[in-house]
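Okay, structure first, notes after.
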Amino acid sequence: MITEATQIDKDLLVKEYAEKGFVLWPERIPSQQTASLLKAWEQMWILADASTQNDTVLYRDHEVEGRVADRLEHVRLQSKAYADLCEASEIKSFAEELLGGTCFVLKDKLITKAPQTSGYDPHQDFAYWSNIGLEPDEVLSVAICLDDVTDQHGPLELYEGLHGSTLPAPKEEALDVDPSALEGKKRFAFISKPGGIVFFHALTPHFSASNTATTPRRLFIITYALKKGPEEEIRAAYKAGFDRIQKFHLKDG
Ligand SMILES: O=C(O)CCC(=O)C(=O)O
C-alpha cells in the first residue's frame with residue numbers, strides 16, 4: 001500500500017497538477033507490491049490468447065518482429081493485485097480530489113514495451129473520450145511504473161501547461177497532436193524507479209519513443225472518470241467509439 005502524503009503536501013500537489021497538467025506522487029509503491037504486480041503480469045500473459053485478435057490483447061510495432069502482442073486491457077478484471085491497486089484508497093482518493101468528486105475506473109491497461117517495441121505519437125487522451133459526456137477536467141490517468149525506467153526505455157513524456165485546450169491534429173491522424181504545436185514546449189520524462197506514480201490530465205499532450213534498452217518498460221495506466229452519471233452509460237459511450245480507437249492496436253494494424 002502506498003504511503004499517504006500529508007494534507008499540506010496534497011494541497012501543493014493539487015496546485016502543481018492544476019498548473020502543469022500532471023503531478024508526481026511523492027511516494028513510490030513498495031517493492032513487495034511491484035513484485036506481486038510483475039508476477040501477475042507474467043501469469044496474465046501465460047493465460048492471454050495472443051494468437052488472435054481480441055479485446056484484451058493489443059499489438060504494437062516491433063523493429064524486428066513486425067507486430068507484437070504488447071498490451072493487456074481490463075487487467076483489473078483479471079488480477080486482484082491490479083484491482084486492489086485501482087481501488088487503493090490513496091491513488092483513487094487523490095484522483096477524486098483532482099477530479100472534484102466520486103470517480104470510477106473508466107479503463108485500465110498494462111503496457112509491456114519490450115526492447116525494440118515502438119512508442120506512441122504525441123496525443124491528448126481526451127480525443128479518445130470526447131464522446132462519453134464528460135468534460136476534459138473530469139477524466140485523468142495515473143501511470144504506475146513497474147520497472148526501472150531510464151531515458152533509453154522510451155519513458156512516458158508529458159508536456160507541461162498545455163492541458164487548457166484541444167491542440168490541432170495533423171492532417172493524417174485526427175486523434176494525434178500536430179508536432180508543430182509542441183515545438184519548443186517544456187516536457188517531463190517519467191524516468192523512475194519501480195513503483196513511481198504520475199497523475200496526468202486528459203488534455204496533457206504526451207508521447208513516448210521506442211524502447212532502445214535491453215529490458216522491458218512495463219507501465220500500468222488507470223483512467224479515472226468522474227461519476228457524473230451511471231457508469232454503464234459512460235462505459236457504453238466509450239465502447240461505441242472502440243473501433244476508431246482500437247485500429248492503432250490491431251494485430252495487423
Ligand atoms: O506507454 C506509453 O509510452 C504511452 C502510452 C500512451 O500514451 C497511452 O496509452 O495513451
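Annotation: of all residues in region 132-188 being hydroxyl-bearing (Ser, Thr, Tyr) and touching a strand residue (DSSP E or B) at 6+ places or on another chain (Cβ under 7 Å), the one that is most open to solvent (accessible area, probe 1.4 Å) is Tyr159.
When you check Leu37 against the structure, is it at pLDDT below 90 and crowded, with 19+ Cβ neighbours inside 10 Å, yes or no? Quick ask: steps written out before the conclusion?
On the way: at pLDDT below 90: no; crowded, with 19+ Cβ neighbours inside 10 Å: yes.
Judged against the criteria, Leu37 is not a match.
Checking the stated criteria, Ile191 turns out to be under 18 Å from the mean Cα position of the chain (by Cα), open to solvent by 30 Å² or more (accessible area, probe 1.4 Å) and aliphatic (A, V, I, L, M). Being open to solvent by 40 Å² or more (accessible area, probe 1.4 Å), out of contact with any Cys (no Cβ under 7 Å at 6 or more places or on another chain) and not in a helix (DSSP H, G or I) is a property that Thr223 lacks. Return yes when Ser89 is within 16 Å of the ligand (Cβ to nearest atom), at pLDDT below 95 and out of contact with any helix residue (DSSP H, G or I) (no Cβ under 8 Å at 6 or more places or on another chain) and no when it is not. The answer is no for Ser89.
If you take the residues of region 130-149 that are among the polar types (S, T, N, Q) and in contact (Cβ under 8 Å) with a residue 12 or more places away in the chain, which of them is farthest from the ligand (Cβ to nearest atom)?
Taking region 130-149 and keeping what is among the polar types (S, T, N, Q), we get 130-131, 141.
Cutting the leftovers down to in contact (Cβ under 8 Å) with a residue 12 or more places away in the chain gives us 131, 141.
On the way: Asn131: 17, Ser141: 7 Å.
Step by step, filter region 130-149, then rank; the result is Asn131.
The values are calculated or read from the model by the stated rules, or taken from the named source; none is laboratory data. Not measured: the values here are computed from a predicted model. Positions of Cβ are generated from backbone atoms using ideal geometry, with glycine treated the same way; all protein chains shown enter the neighbour counts. Protein only, heavy atoms only, side chains kept; ligands, DNA and RNA dropped before computing areas. Shrake-Rupley method; radii C 1.70, N 1.55, O 1.52, S 1.80 Å.
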